[in-house]
Structure formats: C-alpha cells, structure tokens
Amino acid sequence: MKYYVRLLLVLTFLVSMTHAKEFIIDNTHTTVGFNVTHMMISNVKGKFNIYSGDIEFDPATKQFSKLTAKIEASSVDTGIVKRDDHLRSADFFDAAKYKTIDFVMSSMKDGKVYGKLSIHGITKDVVLDVKIHGVIKDFQGHQRVGFTLEGVINRKDFGLTWNKILEGGGLTVSEDVKLAIDVEAIEL
C-alpha cells in the first residue's frame with residue numbers, strides 16, 4: 001500500500017511540473033527597483049537597467065517552479081550621475097569586483113517567494129512577497145504573465161556598510177532597502 005501512495009505522489013508531482021512553462025523577462029515592461037531613506041527625511045528611488053532571468057511558471061496554478069535573476073551591479077540608476085558613481089564604488093556595490101547581483105528561488109508558498117540573494121559577494125536567504133497580476137495572450141498570441149516582488153533587506157547583511165552619522169544623530173543612508181520589482185514575462 002505504501003508503494004502505491006508513494007507512486008501516486010510522485011506521479012502527481014510530475015504531472016504538476018509538466019504544466020510549468022518557460023518565460024523570459026520583457027525588459028521593456030519590467031522595473032527592478034529599490035527605495036532607501038536618505039538623511040532620515042526622504043526616500044531615494046533607484047533601479048537597475050541591465051538584468052536577465054529564467055522563469056518557469058504554471059499559469060493554471062499561478063506557481064513558479066523556477067525563478068532566477070542576474071542583475072548587472074554597474075547598471076544602478078538613481079538619476080544622479082555622482083550618486084550612481086558612488087553606488088558603483090567600493091563604498092557600496094564595488095561593481096568592478098562584484099559584477100552581478102543574483103537571485104535564485106528555492107520555493108514558493110502562500111504568496112511568498114523564498115530564495116538566495118547574492119550581493120557584494122555575500123549570499124543570504126530572503127523572503128519576498130509575490131503578487132501575480134494575471135496571465136494573458138498578447139497581440140502575437142504569446143502568453144504573458146505579470147507579477148510584483150516586494151521585500152525589505154538590510155544592506156549591511158550584504159557588506160554594504162558605508163554611512164555617515166548626521167550632526168543631530170541618525171544615519172545618512174538607512175540600513176533597510178525596500179525592493180520593488182515589477183515583471184512582465186513572455187512565454188518562450
């Protein structure tokens with residue numbers, strides 16, 4: 001009896017995996033963004049302009065079986081060249097030495113994506129909230145999925161420790177960084 005139960009579980013798993021489809025990121029409709037508090041009074045938003053990813057997604061169950069991303073650290077863009085150059089420097093990303101920021105999903109459960117995030121040569125477990133916005137067919141008949149990933153990481157956990165203490169107390173740049181990643185992906 002145990003044999004048949006195991007066989008049924010394995011077959012169910014295999015059948016569920018066969019419905020996952022491969023998708024690629026549509027870079028023209030995707031934003032890999034972040035938000036950090038500056039001088040304790042304002043928020044600075046930024047994004048990365050160069051990235052790629054591999055996605056396996058089951059439109060019927062709205063579940064990812066694979067979600068990976070590779071972001072070029074040197075593509076950081078806050079709209080201010082001087083600040084972007086500082087972020088690329090050894091004070092922050094050290095983009096000359098640590099060229100990419102990498103994410104590899106390990107699982108998805110209850111509206112959350114669990115995975116490993118590597119920044120500045122350091123890999124940590126992260127949990128991101130995921131919201132699937134929908135699955136549609138585009139004008140060319142290709143299936144598309146839209147989703148958002150959000151979460152908060154502590155930049156010091158990844159060795160991004162540069163800061164200055166303000167005259168009245170507090171820090172120039174907050175340790176918490178809010179991630180906001182909006183993705184549109186196309187079925188291969």
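For T61, the criteria (1) part of a strand (DSSP E or B); (2) at pLDDT below 95 hold in every case but one, which is (1). Annotation: of all residues in region 89-116 being touching a residue at least 40 places away in the same chain (Cβ under 8 Å) and either surrounded by fewer than 17 Cβ atoms within 10 Å (Cβ to Cβ) or among the aliphatic types (A, V, I, L, M) (or both), the one that is farthest from I181 (Cα to Cα) is D91.
Taking the criterion of being over 17 Å from L67 (Cα atoms), of a type in the set (V, I, T) and at pLDDT below 80, the residues of region 6-52 that qualify are V10, T12, V15, I41. Of all residues in region 50-99, those being farther than 14 Å from F34 by Cβ and not basic (K, R) number 29.
The values are calculated or read from the model by the stated rules, or taken from the named source; none is laboratory data. None of these values were measured; they are calculated from a predicted model. Note: ideal-geometry Cβ built from the backbone for every residue, glycine included; neighbour counts use all protein chains shown.
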